[in-house]
Amino acid sequence: ASAGNQQPWEFIVIENKETLAQMANVSPYATPLKNAAVSIIVLVNKDSLRFPSYWQQDLAAATQNLLLEAAGLGLGAVWLGIAPEEDRMQFPKELFQLPQGVEAFAALAIGYSSENQFVDRFDAARIHYEKY
């Protein structure tokens with residue numbers, strides 16, 4: 001789902017180990033990309049926006065859906081934030097020679113891990129009924 005069905009997402013799939021190692025430099029938190037089997041770079045195409053103020057919500061939903069699918073397939077995956085940090089957004093723009101109007105939103109590191117343990121972080125105290 002997206003605002004007004006604008007579907008502003010595009011994706012780059014990376015399997016090349018050298019490119020994964022380069023992408024690990026996008027931020028201090030992106031080191032999981034070095035050992036990932038694959039990465040998906042989630043992009044926004046701003047030329048397709050009909051509701052420009054909602055693109056980050058649209059891309060967050062698309063990113064979460066990718067994470068849920070990875071979990072459903074028994075894969076480990078981690079969301080590595082890129083937008084709205086301008087320096088982080090510039091790095092993949094140059095690395096992948098993104099055209100004008102296309103920007104990176106997030107990177108997903110995906111693979112198999114012996115440490116892939118589900119951690120239930122549900123907190124019932126955060127659920128409010130009828131009022132806060």
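The values are calculated or read from the model by the stated rules, or taken from the named source; none is laboratory data. All values reported here derive from a predicted model rather than from experimental measurement. Note that each Cβ is placed from the backbone with ideal geometry, even for glycine, and that neighbours are counted across all protein chains shown. Please note that ligands, DNA and RNA were not included when accessible areas were found on the heavy atoms of the full protein model with its side chains. Shrake-Rupley method; radii C 1.70, N 1.55, O 1.52, S 1.80 Å.
From the set of residues in region 14-34 that are of a type outside the set (S, T, N, Q) and assigned to a loop (DSSP other than H, G, I, E, B), which is surrounded by the most Cβ atoms within 10 Å (Cβ to Cβ)? Don't jump to the end; show me each part of the working.
So the first thing to find is which residues in region 14-34 are of a type outside the set (S, T, N, Q), and the list is 14-15, 17-18, 20-21, 23-24, 26, 28-30, 32-34.
Those still in the list that are assigned to a loop (DSSP other than H, G, I, E, B) too: 15, 28-30.
On the way: 15: 10, 28: 7, 29: 12, 30: 22.
Checked region 14-34; the qualifying residue surrounded by the most Cβ atoms within 10 Å (Cβ to Cβ) is 30.
Within region 84-102, residues that are at negative phi sit with their Cβ atoms under 7 Å from residues that are acidic (Asp, Glu), at 6+ positions apart or across chains, in these pairs: 89/103; 93/103; 102/10.
If I filter region 73-86 for residues that are within 11 Å of the chain's Cα centre (by Cα), closer than 30 Å to residue 5 by Cβ and open to solvent by 60 Å² or more (accessible area, probe 1.4 Å), do I get at least one hit? Checking region 73-86: at least one residue is within 11 Å of the chain's Cα centre (by Cα), closer than 30 Å to residue 5 by Cβ and open to solvent by 60 Å² or more (accessible area, probe 1.4 Å). The set of residues from region 51-62 being under 15 Å from residue 102 (Cα atoms) and touching a residue at least 12 places away in the same chain (Cβ under 8 Å) comprises 55, 56, 58, 59.
Flag set for residue 103, criterion: acidic (Asp, Glu), at pLDDT 95 or above and closer than 23 Å to residue 7 by Cβ.
Filtering region 87-132 to residues that are assigned to a loop (DSSP other than H, G, I, E, B) and either small (Gly, Ala, Ser) or open to solvent by less than 60 Å² (accessible area, probe 1.4 Å) (or both) leaves 96, 98, 101, 113, 114. Just one of (1) open to solvent by 70 Å² or more (accessible area, probe 1.4 Å); (2) in a helix (DSSP H, G or I); (3) hydrophobic (A, V, I, L, M, F, W, C) fails for residue 11. It is (2).
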